[in-house]
Every structure is written in structure tokens, then in C-alpha cells.
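The values are calculated or read from the model by the stated rules, or taken from the named source; none is laboratory data. Treat the numbers as computed from the prediction; the structure is a model and nothing was measured. Reconstructed Cβ throughout: ideal geometry from the backbone, glycine too, with neighbour counts over all protein chains shown. These accessible areas exclude ligands, DNA and RNA; they are computed on the full protein's heavy atoms, side chains included. Shrake-Rupley method; radii C 1.70, N 1.55, O 1.52, S 1.80 Å.
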Amino acid sequence: MEVEILSRETIKPTTPTPPHLRWHQLSALDQLSPQMTVHQVLFYPINGGDQSSPAHRETVLKTSLSTLLATFYPLAGRLRREGPPPHGTASVECTDEGVPFTVARANIELDLVLQDDRYLKHYDKLVPRNRSQLDYGEPLLHIQLTHFSCASSAFGMCLSHQVADGNSAVLFVKAWSAYARLGIICPEFTPRFTATSIFPPVNPPPPDSILPSHRKLHPRRFLIGARALEQLREETTVRGARRPTRFEVAAGVVWRCARRARERLTNLCLVASLRPRLSPPVGTDVFGNVWVMTATTTEERIREALSVIDGEYARRVMAGEVRVEGHEEGGSSLVLSGVAGFGFYEADFGWGRPRRLGFANHDTGELAMFVGTASGDGMEVWVWLEEEVMVRFERDPEIVGLVSNA
């Protein structure tokens, strides 16, 4: 798949950020989050009722983004360090410098890309950054719109993980798509920048929970059907106990197969949202990182590991009393995340909902991400492992019996 860059420009907010909002202070959980960008791609096919041209889509996206950046003003700023490394704290200077917007063209039809998972390794051509690590002073958000030869489109987004978690990314995309389609900023998608009042920043900041590895990893996408998930939940339910969630049973399978595929995997790291676990709960309109990581060593203890996560656990993590090594030297940990992806399929910019959510350019360690599907049935699991490990993983009889490549 060849992708040609057609244009690059910077989209700035329609109105300047007020002086009293010049500095956006990062919360303690923002400080704890890795200084990297997460790369996501939404694929939009041409459907029968949509007659919009590629040029029209481009204009709509740029115009609506400019307006929306006045509301999501930190995303048009730049990350700054206050104090010398390694103990300086970080803040976002809301300078209205804007968001880089790339327009590209791919010499292939979208259906061919979606029907053949051999193209997964080419998804990095559909996002505007070729690395995950984010340096101070760089843009926090990058956008790329890629037109396919069939007039379908891919929407690639690289968003700083230091300022936003998966829920915040979904909030931004929903707000953007709603404005592009309706011409209004919907109240339910208006962000609240109150995370620092819930998790005040600490100095010196806590150590990163995820350390970049930059190893060559191979992506695979697996689809677990709704019926298979329900059957697995029934089989693993202990009499008198609460039924395991879809994430718990799917995570157990992935962990067992990963351990068999790679002998030195010893630690299972679970990324969990704090939003419903706090008292009172934190809504999805609170912009920032509201998640923590916990660890276990067996699939049987996944529920137990998740059950201890609450406000007190988060306080201990921020105080440095709990240290979870996400990606240890030598790659002895596998990180499982189920906190993102389930809302992106609602992002209708005016030409229908996306057919698929994809991920690109993951270079921070072995990872499995559990996300929703366009139909709302079942679950997709995106897995990144080293090549020889992936070969053994995808041939594991338990994986073969549970999932099918879509």
C-alpha cells in the first residue's frame, strides 16, 4: 500500500485561549502516564446515502476542528517542563499554536485493506507520526485524512497520552464528529478540566508506569464472537459467584496463550479505568488520565487484581507506594487494556459511522487491547508480540478455538 502526502497545514483555534487559561496543569495521574502518543485510525467507507466528495470531507474536518479547539484548548498547546530533569513537573502551555493536519492519498481500495489483515502492518502510513515517543514542545495532537482510490477515507489521530486517556480521546472525537454533523457543541460532550482538583499534581512526579521498549513487534487482530464470549463466561462462572465480565474471560485466554507462547512472561499488567471506581464516580466528561495499572501473575486472579482498584489504591500509586512495572527490561510483562475503543464507532462526521477502528505504530512493549466492534457484538483483541512469539500465540489451540480472524 503506497500513501502519498498531498498537503500539510496547521489548524488553529477560531478564538484565542483566555489569558487566565494559559497554563493547563497536569494532574498526578497525567504525570504518571507515559510521555507518548497513541495512534488510532477510523475507516469510513462510501455508503449509498453519502455523496460527499473527499474535498468536502477535508473542508468539514478542518473547519469543525478549528472551532472545537477553542473548547478543547489544551490540545492546541504544547507540553512544557517546569524545572530541570528528571524531577521537573510538566504542564501544557495553551499557546494556540494549533494541530498539524495532513491530507494523503492511498493507491488502494478500502475494502482490500479491511479484508486482508496483512495490511495491519501498513496502518502506520495512515497516521501522521512514525513514532510513539513525544518530546517537550511538540504538538499534542496530530491528524491525518487519507483518501482511498474508491473515495472512502481513513481518519488517523495521534493523541498525547500524557494529557488524555482512552475515555478522553472518545470524548474529543464524539464532540468533533457531533459538531461537524450538527454544527453545535453538544453539552454532553463538553470537557471539564477538573482532574487536578481530584488528583493534585505531585513534585517530584511519580515514575512512569510504562517504559518504551522500541522493539520490533508484530500486530494481529482477533475477533471473538458474542456467542463465544457468553459461552466462556458460563464455563468460568463459579456457583454462587458473580459472573465474570467479558473483559475478564477474554483477558484470561489471552494471558494463558501468551505465557505458553513466550516462556519468560511472568507478570500480567492490567490497565483499569478509575472513573466508575471513585466515590463519587468521575464522569467521562472529565478530560485527562483517570486510570491506573495493577498486576497479577495468574488468569484466575484477574478479578481479584481489578477489585482492589479504588481511590485509595490510586492514592498509593501516586504516592509511590505501589509500583507496577509495565514493560520491564527483557519484556517479562504483558499489558492488557480494556479501557478504550468502545465509543469511537459512534463518531459520525456526516458521512456515516466508521466500519473499523484500528491501531498503528505500537512500539512501547508487548500489549493486548480489547475494543468493541462496529456491530456492537463480540469483541476485537489487538495483540502486539515479537514475530516468533506471535506465530506460537496465534496457533495456540485455545486461541484457534475461541477466535476467528475477521
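Side notes on the structure shown:
- In region 253-269, the residue that is farthest from VAL335 (Cα to Cα) out of those that are at pLDDT 90 or above and under 23 Å from the mean Cα position of the chain (by Cα) is VAL253.
- In region 189-204, the qualifying residues are those that are hydrophobic (A, V, I, L, M, F, W, C) and assigned to a helix (DSSP H, G or I), and the one that is farthest from SER33 (Cα to Cα) is PHE189.
- A single member of GLU304, GLU299 is open to solvent by 30 Å² or more (accessible area, probe 1.4 Å) and more than 21 Å from VAL400 (Cα to Cα), and it is GLU304.
- Considered as a group, the residues in region 311-324 that are over 23 Å from ALA250 (Cβ atoms) and not in a helix (DSSP H, G or I) include one that is least open to solvent (accessible area, probe 1.4 Å), and that residue is VAL322.
- The single condition among (1) in contact with a Pro (Cβ under 7 Å, 6 or more places away or on another chain); (2) open to solvent by less than 40 Å² (accessible area, probe 1.4 Å); (3) in a strand (DSSP E or B); (4) of a type outside the set (Ser, Thr, Tyr) that VAL41 does not satisfy is (1).
- Segments classed as strands (runs of 3 or more DSSP E), wholly inside region 76-172, with at least 1 members that are over 28 Å from THR63 (Cβ atoms) and either touching a helix residue (DSSP H, G or I) at 6+ places or on another chain (Cβ under 6 Å) or open to solvent by less than 40 Å² (accessible area, probe 1.4 Å) (or both): 89-93
- Considering region 248-286, and only residues there that are β-branched (Val, Ile, Thr) and more than 16 Å from THR297 (Cα to Cα), the residue that is least open to solvent (accessible area, probe 1.4 Å) turns out to be VAL286.
- Selection over region 173-184 of residues that are open to solvent by 10 Å² or more (accessible area, probe 1.4 Å), of a type in the set (A, V, I, L, M, F, W, C) and touching a residue at least 24 places away in the same chain (Cβ under 8 Å) gives a count of 1.
- Among the residues making up region 214-247, those that are at pLDDT below 90, closer than 30 Å to GLN35 by Cβ and buried (at least 19 other Cβ atoms within 10 Å of the Cβ) are LEU217, PHE247.
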